[in-house]
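These notes concern the structure reproduced below.
Values quoted throughout were computed directly from the atomic coordinates according to the rules given, and no laboratory measurement underlies them. Keep in mind the model is a prediction, meaning the values are calculated, not measured. No Cβ is skipped: glycine too gets one built from the backbone with ideal geometry, and neighbour counts run over all protein chains shown.
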Amino acid sequence: MRDNKYDVVISDLGNVLVNFDHRIAVRKILKHTPRPENEIYDLFFDSGLTELYEEGKLSTDEFFSGVKNSLELDMDKDEFFPIWNDIFFETPLNLKMRDFLKKIKSKYKIVMLSNLNITHFEFLKKNMAGLFSEFDKLVLSYEIGFRKPAPQIYKVPLDFAKTVASRAFYVDDRRDLIEAAGKLGIKGVVFGGEEAFGRIVEELR
């Protein structure tokens, strides 16, 4: 049995362990707003408002108020959030990755690192049983106050595992976030399909 090269394996959530697509929500919202589809998508996926919510700097009520005003929504909070949450789906590759992490848990500390808001977290915790249970640590942006690619959020898993960057391995679906971690000395693989999954297995098994 070879010695481990790593002490901690860090995994993103979205499009690694469960897939998501904001366009699912956008299509349902369209009939409740005069704004165009691309504007709704940009607000949901990568706007200053969403960033603040994912950093825990806005309450859920404040976030909804911002969305309602920006999009001129003709719906209330109780109508909006079921649509906002209903963007997640599982693929066979998600399930393979989750199963693999379970298999290597005895060898490494396993940490989830995600840009995630509290509403999506509570929804996933309730509706996808077991998604979070195998992790030794959840590093969620809304709790930490930083989003990837901020260096501060990458350092939390290292501190938890009492290790250094060179002994951490990171999986994320976004190349820019893998590169940001790489600047700190964390090795990673972009999760982009079966070939990438095979590389992860070869590195960690």
Globularity index of region 55-143, i.e. its alpha-carbon radius of gyration over 2.2 N^0.38 Å = 1.32
Which of the listed residues, Phe81, Ala181, Ala165, is farthest toward the dipole's positive end in the chain, when Lys, Arg count +1 and Asp, Glu count -1 at the beta-carbon?
-> Ala165
Expressed in nanometres to one decimal, the distance between label points 7 Å along Cα→Cβ at Lys187 and Asn69 is 4.9
Over the residues of the chain, compute the C-alpha Rg and express it relative to 2.2 N^0.38 Å.
-> 1.07
Fewest Cβ neighbours within 10 Å first, please rank Phe123, Phe63 accordingly.
-> Phe123, Phe63
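Give the peptides 102-110, 149-157 in descending order of average Cβ contacts within 10 Å, highest first.
On the way: 102-110: 15.1, 149-157: 18.3.
Highest to lowest by the protection proxy: 149-157, 102-110.
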Region 22-85 - Rg over Rh from alpha carbon coordinates, Kirkwood radius | 0.92
Once Asp46 and Ile24 are pulled to full extension, the length gained, defined as 0.36 nm per residue separation minus their Cα-Cα distance, is 6.4 nm
In nm, the gap between the two label points placed 7 Å beyond Cα toward Cβ at Ser59 and Arg35 is 2.2
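Taking only DSSP H segments of four or more residues, each worth -39500 (n - 2.57), what value at 222 nm results for the chain once the sum is divided by all its residues, to the nearest 500 deg cm²/dmol? All intermediate terms of the calculation are to be shown ahead of the outcome.
Working: 11 runs with 102 residues, N = 205.
Taking each H run of at least 4 residues, the total per residue is -14000 deg cm²/dmol.
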Please state the relative contact order of the chain as a whole percent: Cα pairs under 8 Å, 6+ residues apart?
-> 29
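Listing Thr60, Thr50, Thr91 from the residue with the fewest other Cβ atoms within 10 Å to the one with the most, what is the order?
Working: Thr60 14, Thr50 21, Thr91 11.
Starting with the residue having the fewest Cβ neighbours, the order is Thr91, Thr60, Thr50.
Pulled fully out, how much extra length does the chain show between Asp99 and Glu203, if you take 0.36 nm times their separation in residues and subtract their Cα-Cα distance?
My answer for the length gained is 35.9 nm.
Would you mind working out the magnitude of the charge dipole of the chain relative to its Cα centre, with +1 at each Lys and Arg C-beta and -1 at each Asp and Glu C-beta, to the nearest 20 Debye?
Details: 31 positive and 34 negative charges, 224 e Å.
That gives the chain a dipole magnitude of about 1080 debye.
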Spin-label proximity, Glu122 to region 68-99 - amide N less than 15 Å from point 7 Å beyond Cα toward beta carbon | 77-86
Taking each pair of different alpha-carbon atoms in region 104-186 once, compute 1/r for the pair, average those values, and report the inverse of that mean as the Kirkwood hydrodynamic radius in Å to one decimal.
-> 13.5
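As an exercise, take the mean of 1/r over every pair of distinct alpha carbons in region 1-110, invert it, and state the Kirkwood radius in angstroms. Mind showing how you got there, number by number?
Working: mean 1/r = 0.0614 Å⁻¹.
Evaluated over region 1-110, this radius sits at 16.3 Å.
Please work out how much length the chain gains when fully extended from Phe132 to Thr91, using 0.36 nm per residue of separation minus the C-alpha to C-alpha distance, in nm with one decimal.
13.1 nm
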